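J.: Here it is, the structure in full.
The values are calculated or read from the model by the stated rules, or taken from the named source; none is laboratory data. Quick caveat, the model's predicted, so the values are computed rather than measured. Positions of Cβ are backbone-derived with ideal geometry, glycine not excepted, and every protein chain shown enters the neighbour counts.
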Amino acid sequence: MSAPIQIRPVTHEDFDAWLPLWDAYNAFYGRSGETALPREITQITWGRFFDGYEPMHAMVAESNGQLAGIVHFLYHRHTTLAGPICYLQDLYTL
């Protein structure tokens, strides 16, 4: 029987486990090696998840104490709705 998967908000302590998933996500889209994102962009992205003034958020999937997936999303205004909509930006699972 497989271990249950917990979906939860990312924490500061998740960085070392989040980073390989983030790098693999980017590699899937051809952003690796010479075309890799600069680490500065990764650091800015990571910081946005914890900045209350940023609309960007992150969740992780965890199983057996290990991160197995990431998702990044943001809320923004929409021209045809009164309320904000959620934009799913980055989704990656092992």
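J.: Among (1) outside any loop (DSSP other than H, G, I, E, B); (2) modelled with pLDDT under 95; (3) not hydrophobic (A, V, I, L, M, F, W, C), there is one condition residue 92 misses while meeting the rest; what is its number?
T.: Single failed check for residue 92: (2).
J.: Hey, among the residues in segment 38-58 that are exposed (fewer than 15 other Cβ atoms within 10 Å of the Cβ) and aliphatic (A, V, I, L, M), which one's nearest to residue 84 (Cα to Cα)?
T.: Here the residue is 44.
J.: Name the strands (runs of 3 or more DSSP E) wholly within segment 1-86 that hold at least 1 residues that are touching a residue at least 12 places away in the same chain (Cβ under 8 Å) and in contact with a His (Cβ under 6 Å, 6 or more places away or on another chain)?
T.: The qualifying strands (runs of 3 or more DSSP E) are 56-63, 66-76.
J.: Please state which of the following conditions residue 72 fails to meet, knowing it meets all the rest: (1) touching a Phe, Trp or Tyr at 6+ places or on another chain (Cβ under 9 Å); (2) surrounded by fewer than 12 Cβ atoms within 10 Å (Cβ to Cβ); (3) not small (Gly, Ala, Ser).
T.: Here residue 72 meets the rest and fails (2).
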